[in-house]
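What follows is a set of notes on a single structure, which appears directly below.
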Amino acid sequence: MEQAALRVCVLGSGSKGNCTYIESPESHILLDAGLSAREIERRLQHIGRSPETLDGVLISHEHIDHIQGVGALARRYQIPVYANPGTWRRAQHVVGVVA
């Protein structure tokens, strides 16, 4: 039986910003985007990845340390953003139109 590889890289954790890159053979996503878009780009580059390859961003909740860069990142790279309805509504009040 063939095993699927899952790569997880914590790009930021804590009150300064939370962002985790998760990669499988089928998809590449961010869990939260609590750093600036520019910092997320830099940290992705550091691990040999690019925002252009992202299939989406999953937002856990709307605290600024989880959503700071999501608006700019989604707009700049046309990345879909996923969140529950309440989180989505509140996040847009903080970071502007997300997508």
Query raised in the report: Within region 15-40, restricting attention to residues that are among the small types (Gly, Ala, Ser), modelled with pLDDT of 95 or more and over 13 Å from Gly69 (Cβ atoms), which residue is farthest from the chain's Cα centre (by Cα)?
Result: Ser24
Report task. Kindly indicate whether Arg38 is exposed (fewer than 14 other Cβ atoms within 10 Å of the Cβ) and either of a type in the set (Asp, Glu) or closer than 12 Å to Leu11 by Cα (or both). Result -> no
Query raised in the report: Taking Gly48, is it in a loop (DSSP other than H, G, I, E, B), over 13 Å from the mean Cα position of the chain (by Cα) and exposed (fewer than 14 other Cβ atoms within 10 Å of the Cβ)?
Result: yes
Report task. Considering every residue within region 63-77, establish whether at least one is surrounded by fewer than 19 Cβ atoms within 10 Å (Cβ to Cβ), outside any strand (DSSP E or B) and of a type in the set (S, T, N, Q). Result -> no
Query raised in the report: Among the residues of region 8-45, how many are in a helix (DSSP H, G or I), acidic (Asp, Glu) and either in contact (Cβ under 8 Å) with a residue 60 or more places away in the chain or out of contact with any strand residue (DSSP E or B) (no Cβ under 8 Å at 6 or more places or on another chain) (or both)?
Result: 1
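The values are calculated or read from the model by the stated rules, or taken from the named source; none is laboratory data. Note that the structure is predicted; figures quoted are calculated from it, not measured. Cβ coordinates were reconstructed from backbone atoms using ideal geometry, including for glycine residues, and neighbour counts include every protein chain displayed.
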